[in-house]
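The values are calculated or read from the model by the stated rules, or taken from the named source; none is laboratory data. Quick caveat: nothing in here was measured; it's all calculated off a predicted structure. Here the Cβ positions follow ideal geometry from the backbone for every residue, glycine too, while neighbour counts run over all protein chains shown.
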Amino acid sequence: MTNQPNFALSPADDWMRQMLFLPPRASTFSADIDHLHYFVIGTTMLVATGIFLAAMLLYVKYQRKPGVPRREVPHHPPMWFELSIIVVPLSLFLLWFFMGFRTFIQMETPPADSMDVYVMAKKWMWKFAYQGGPNAINTLRVPAGRDVRLLMTSRDVIHSFYVPELRVKQDVVPGRTSQLWFNANRLGTYDIFCTEYCGTGHSTMRGRIEVMDPAEFDTWVSAQRQGIALRQDMGGPVDPDELGAITMVQLGKKVASDQECFKCHTIDGSAHIGPTWLGLYHRNERLTNGTEILVDEAYLTKSMMDPMADIVMGYAPVMPTYQGKITAPQTAAIVEYIKSLEDDRIAQAPNPGPAYEPINTLR
Amino acid sequence: MAAEAVAATGHGAETGPGHPKLAHHYESLERQAHANRFGVWVFLGSESLLFAVLFASYAQYRDINASAFALASRHLNLLLGTFNTLLLISSSFTVALATYYIKKNNKKAVLTLIAVSMLMGIGFIVIKGFEWTADFNEGALPGRFFHLEGVPFQGGNLFFTCYFLLTGLHGAHVVIGLVLLTWAALRVQHNTASASYDLPVEIAGLYWHLVDLIWIFLYPLLYLV
Amino acid sequence: MNPSTPSAEAVATSSAPGVQAHPPPPARRLNYLNHDTSVKSWFLTLDHKRIGVIWLGLMVMAFSTGGFFALILRTKLLHPGPYLISAQEYNRMFTLHGVVMVFFFLIPVIPGIFGNFLLPLMLGAKDVAFPKLNLMSVYLYVTGLSFALWGMIHGGADTGWTFYTPYSTTTPSEVTPILFGVFLSGLGSIVTGLNFIVTIHTMRAPGLNWMKLPLFTWSIYATSIIQVLATPVIGMVLLMVAFERTFGWGIFDPARGGDPILFQHLFWFYSHPAVYIMVLPSMAVVSEVVACYSRNRPYGYKVIAYSSLGIAFVGFLTWGHHMFVSGQSTFDAGVFGFLSMLVGIFSAAKIFSWVGTMYKGSVEFSTPLFYIFGFFFLFVFGGMTGVAIATLSLDIPWHGTYFIVAHFHFIMVGATLMAFLAGLHYWFPLMFGRTYSERWSLAAAIMALVGFVGTFFSQFLVGNEGMPRRYYEYAERFQSLNVASTMFAYLLAIGLMLALLVLLIALFTGEKVEHNPWGSAGFEWLAACPPIAENFEGQPVVAEESDPYAYKVDVEVPHGS
């Protein structure tokens, strides 16, 4: 580990940080947030204590003494008092608002040249995919000092991606993509917590983010991608659990070929025994029972596991089931492969985001 | 104790059978009427917010699925919907007339007008029933049951979810309105509501007007997209 | 105001004068509690005072249930890993803790007990505007609670009290009965609010104009407006979730084009004003208690009165600050953040006014005032952490962590509960005609306060550290703060149980008082302790120069310090 930047905080700063139990700072946002934190919380403590002390003082000064008569002096708060109890807090609150909003806008606006990483949250794990590979489960490696943007969606319920040291958090919602960006500037490994309740495994849905030296990160990524190429050259079957070593799209193509899907499905748009895979994803298909469905991940998965259930109109019910023949990661890889087969000729409707099979709760 | 209360409030003449009952904690009928009237207005405010939730949901989903909503709306029976609107508006008019005539103590007119209003309200419900039956048969249903020809699933199913929630909640309120009108009619019949204490008719009338007003918002949003 | 002299109406025990078969029992003054002791007279009572007492019983039950769950949760959290209960049980318990405490305790507690008991007394009326609706409110609550309990017994929901979709629409746990229970209780809340609004508008005694109203009334009025306008929204939204669960209508289901964020908007549109339903009544109590024990007019009557309305109004505009990281646009977030800053100003103004009430007053220390002192610190601290969280960038690390949990417990427990206890001790003599042991009630208060601060201050810090909320298991480094929090939680529980015990004992054996032991100038104290069933003899009239804070010279206060 060379050239780790100097992260020494000033003694006062670090003392405050520790008194408030704030975690170490690992991103370019952390210092700004912490300093505003000190200002706001410090003022809060002072004001609350001050008001309490004022109350104590008034109590002591105006304590009732038995036998001592007191004549009521009608008094109304003077105008300066009434104005100041409005103006002073308001000015303070608005100052905090402006300081906070400024940083907030920065945190919500990723720089144009950020490195994108796709995040998929599902009960109860995190999946990460870099453009061009590799993929990973639960461990996210990022280069220090570079802007990284996470494009996140959920497969089922709302989750939330949170790394305390980076001071970043964003909800991960099914049906839409949310984003989060950061620039990690401190090497190390930090926890990723899910911060939106999502069921039994919510508290164990933990990941790890490894902030690596940028040169080491680049080496790691290219090694991963070379590993893919190497394995393909060697021609052997790819272990589907080695998801970290190959893109899902390439794996999907491999598995589809091994399972002889191309015997019935073409990938160039021509009609054959089964529907063509070109442009299949997000096509509106009519089924034999007359209903219309949108081809999404759920439908593709179901078609492989239970092909007799929802057959596209005009096709014979001859597809075998692959339940038990291919593993879940392999199924997902085929889905990703089909998704990658876009047809330029078809006008693309705006992508409404991945859909999912709702869990049937009617017992 | 009750006698003392009445004596203390000093208007035994107005109580008894055939006259509105003064509750023990009010010192006069005017105050009781005022409180009841005020309460109804507060209640109507509350009811408006109940519908506001559904309107907000409708607005959000229509914003996302504008064309699907328009397509789906075509499948509603515009003729029946418009006729229903006219029914309800007319019934509001007759109810308003009833509140006018009760102040003139014209018992017969009031009862007739309430009956006519109720008939129109019942007619509204019946026609709604026909509309819903047609929707069931066509497959214009909410959520996962949606299978209407010619309308995309995305957006189409949401339109009908909103449609059934809105018209269902509204229909329930029409029924409540009918119950209130019945109650008002009975009070008029038994002379516990009259020109001097027209509150029951007024309350039923106010509620009916709210029900009508909500429909006046519903109709264009659902039928005239 | 012409007071009703608490006439000593001796009960005649024999019908034939001069003939006494038994020695006459001691002359017992008839009051609202003892004039009819049949079971039917309680179950079908239309007396607002009895209804207030019924609410007290119900609230003790609800709080004990919610508190019981809390203690189990905190015990589990002594250990970072699995311990004592399973993850599923934990998830259900924190949900039920939240549901019971929010919907079945905090929302109804002060309006149900004190609003009902005091409002007609303070207004010089015989009862609320709609006594039958008042009773219906109680039964709606009881029915709702029964549904929720039924759901609890069958396992209970595990969604959190916020019921976020699509988790709440797809989890197999028992959600629908609990939704329905909350719906019914909410209906009762609307009815109560409606009742109070109409009562305040139409049943004031002659001469009692708005600017002479006790400040308690102003706050209850603002609370009732929120109840009437906001509660229908949550009712409808929860009904929609129930529909989606039962019929699969997919209103919030992304697979059918539904929007989970729409649920959040609709939910928080109620639930943010709901926190003002919970806190405004506590402010109502503070105004009265401070004025009485300082024997002084509240410093800035109009400020306190109008700021209640301000909170009610602006409170409706800030709901999006619960959703800063949910996925709304940066612009929307900014608007909500800005508006959230405004709502804090009203509370700030009130604090200064309350503390200023002691200025040039004649302050007597007592248990209620001790709770109020606690309130001063905790409400300011809790409230300002609320402003802190509303500061957008700070919310990003804090959202969904124990910092948020600590913030709202500071306000809910530290402010609302403390104010409730202050009010309970203050009005206890009025409600039951007895006083309690000052020494023991103070001991309980100190325990509760220390326990409270320890429990939740630790949670601010562990939230800063990064511990998310609703976590069954947590990272080891969070353990020491969790242990601290749990230890203090036991102290808090003991303090509260002691406080309850002191009052229970006082109910049966406390020293009897007849009339206004605190020397308060509040209108409600012109009734006897306890009041007669009709509240006052005849119709009170408010004279031009009188008001509920007319403290003139020092008088010998019957209940000595």
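Of the residues making up the stretch B:52-95, those that are facing another protein chain (nearest Cβ under 8 Å), in contact (Cβ under 8 Å) with a residue 40 or more places away in the chain and in a helix (DSSP H, G or I) are B:Leu54, B:Ser57, B:Tyr61, B:Ile64.
Of the residues making up the stretch C:126-163, those that are away from chain B (no Cβ under 14 Å), in a helix (DSSP H, G or I) and surrounded by fewer than 19 Cβ atoms within 10 Å (Cβ to Cβ) are C:Tyr139, C:Val142, C:Thr143, C:Ser146, C:Leu149, C:Trp150, C:Ile153.
Looking at the stretch B:96-125, which of its residues are touching a residue at least 60 places away in the same chain (Cβ under 8 Å) and under 24 Å from B:Phe164 (Cα atoms)?
B:Met118, B:Gly121
The residues of the stretch C:164-187 that are of a type outside the set (Val, Ile, Thr), under 24 Å from the mean Cα position of the chain (by Cα) and surrounded by 24 or more Cβ atoms within 10 Å (Cβ to Cβ), listed by number, are C:Leu179, C:Gly181, C:Ser185, C:Gly186.
When residues in the stretch C:236-256 are screened for being touching a residue at least 60 places away in the same chain (Cβ under 8 Å), at the interface with chain A (Cβ under 7 Å from one of its Cβ atoms) and surrounded by fewer than 24 Cβ atoms within 10 Å (Cβ to Cβ), 1 of them pass. The criterion of being more than 14 Å from chain A (Cβ to nearest Cβ) and either within 30 Å of B:Phe159 (Cβ to Cβ) or at pLDDT 95 or above (or both) holds for C:Leu187.
Restricting to helices (runs of 4 or more DSSP H) lying wholly in the stretch A:6-124: which have 1 or more residues that are under 16 Å from C:Val387 (Cα atoms), of a type in the set (S, T, N, Q) and within 8 Å of chain C (Cβ to nearest Cβ)?
Where helices (runs of 4 or more DSSP H) fall fully within the stretch A:6-124 and carry at least 1 residues being under 16 Å from C:Val387 (Cα atoms), of a type in the set (S, T, N, Q) and within 8 Å of chain C (Cβ to nearest Cβ), they are A:30-61.
Right, C:Tyr306: more than 18 Å from the chain's Cα centre (by Cα), buried (at least 22 other Cβ atoms within 10 Å of the Cβ), within 13 Å of another protein chain (Cβ to nearest Cβ) and more than 26 Å from C:Val405 (Cα to Cα) or not? When the stated conditions are applied, C:Tyr306 does not pass them.
Return yes or no: is C:Gly334 farther than 18 Å from C:Ser287 by Cα, of a type in the set (Gly, Ala, Ser) and in contact (Cβ under 8 Å) with a residue 60 or more places away in the chain?
No; evaluated as a whole, the condition is false for this residue.
Within this structure, C:Gly193 fails the test of being outside any helix (DSSP H, G or I) and of a type outside the set (Ser, Thr, Tyr). Checking each residue in the stretch C:325-354 for being among the aromatic types (Phe, Trp, Tyr) and more than 8 Å from chain A (Cβ to nearest Cβ) picks out C:Phe331, C:Phe336, C:Phe346, C:Trp354. Looking across the stretch C:118-156 at every residue that is β-branched (Val, Ile, Thr) and over 20 Å from B:Arg37 (Cβ atoms), the one that is modelled with the lowest pLDDT is identified as C:Ile153. It is to be established whether one or more residues within the stretch B:8-17 are modelled with pLDDT of 90 or more, among the β-branched types (Val, Ile, Thr), more than 18 Å from B:Ala195 (Cβ to Cβ) and surrounded by 15 or more Cβ atoms within 10 Å (Cβ to Cβ). No: zero hits. Selection of first residues in the stretch C:196-220 that are free of Cβ contacts under 8 Å to residues at least 60 places away in the same chain and of second residues that are in a helix (DSSP H, G or I) and of a type in the set (Ser, Thr, Tyr), restricted to Cβ pairs under 8 Å at least 6 apart or on distinct chains, gives the following pairs, ordered by first then second residue: C:Ile197/C:Tyr221; C:Ile197/C:Ser224. Inside the stretch B:133-148, residues that are out of contact with any His (no Cβ under 6 Å at 6 or more places or on another chain) and free of Cβ contacts under 8 Å to residues at least 24 places away in the same chain make up a count of 10.
Tell me which residues, restricted to the stretch B:162-186, are in contact (Cβ under 8 Å) with a residue 40 or more places away in the chain and not hydrophobic (A, V, I, L, M, F, W, C).
Matches in the stretch B:162-186: B:Tyr163, B:Thr167, B:His170, B:Gly171, B:His173, B:Gly177, B:Thr182.
Within the set C:Phe375, C:Phe352, C:Phe336, the sole residue that is modelled with pLDDT of 95 or more and within 23 Å of the chain's Cα centre (by Cα) turns out to be C:Phe375. Of the listed requirements (1) buried (at least 24 other Cβ atoms within 10 Å of the Cβ); (2) touching a helix residue (DSSP H, G or I) at 6+ places or on another chain (Cβ under 6 Å); (3) over 24 Å from C:Gly66 (Cβ atoms); (4) facing chain A (nearest Cβ under 7 Å), C:Val363 misses just one: (1). Considering (1) crowded, with 19+ Cβ neighbours inside 10 Å; (2) of a type in the set (A, V, I, L, M, F, W, C); (3) more than 9 Å from chain A (Cβ to nearest Cβ), the lone condition that C:Leu461 does not fulfil carries the number (3). When A:Arg141, A:Arg149, A:Arg186 are checked against the criterion of being closer than 30 Å to A:Leu9 by Cα, assigned to a loop (DSSP other than H, G, I, E, B) and either in the same structural domain as A:Arg25 (by TED's automatic domain parsing) or touching a residue at least 24 places away in the same chain (Cβ under 8 Å) (or both), a single residue qualifies: A:Arg186.
If you go through the stretch C:110-125 one residue at a time, how many are assigned to a helix (DSSP H, G or I), farther than 16 Å from C:Val286 by Cα and within 14 Å of chain B (Cβ to nearest Cβ)? Don't jump to the end; show me each part of the working.
Filtering the stretch C:110-125 for residues assigned to a helix (DSSP H, G or I) gives C:110-123.
Still in the list and also farther than 16 Å from C:Val286 by Cα: C:112, C:116-117, C:120-121, C:123.
Narrowing the set further to residues that are within 14 Å of chain B (Cβ to nearest Cβ) leaves C:116, C:120-121, C:123.
Matching residues across the stretch C:110-125 total 4.
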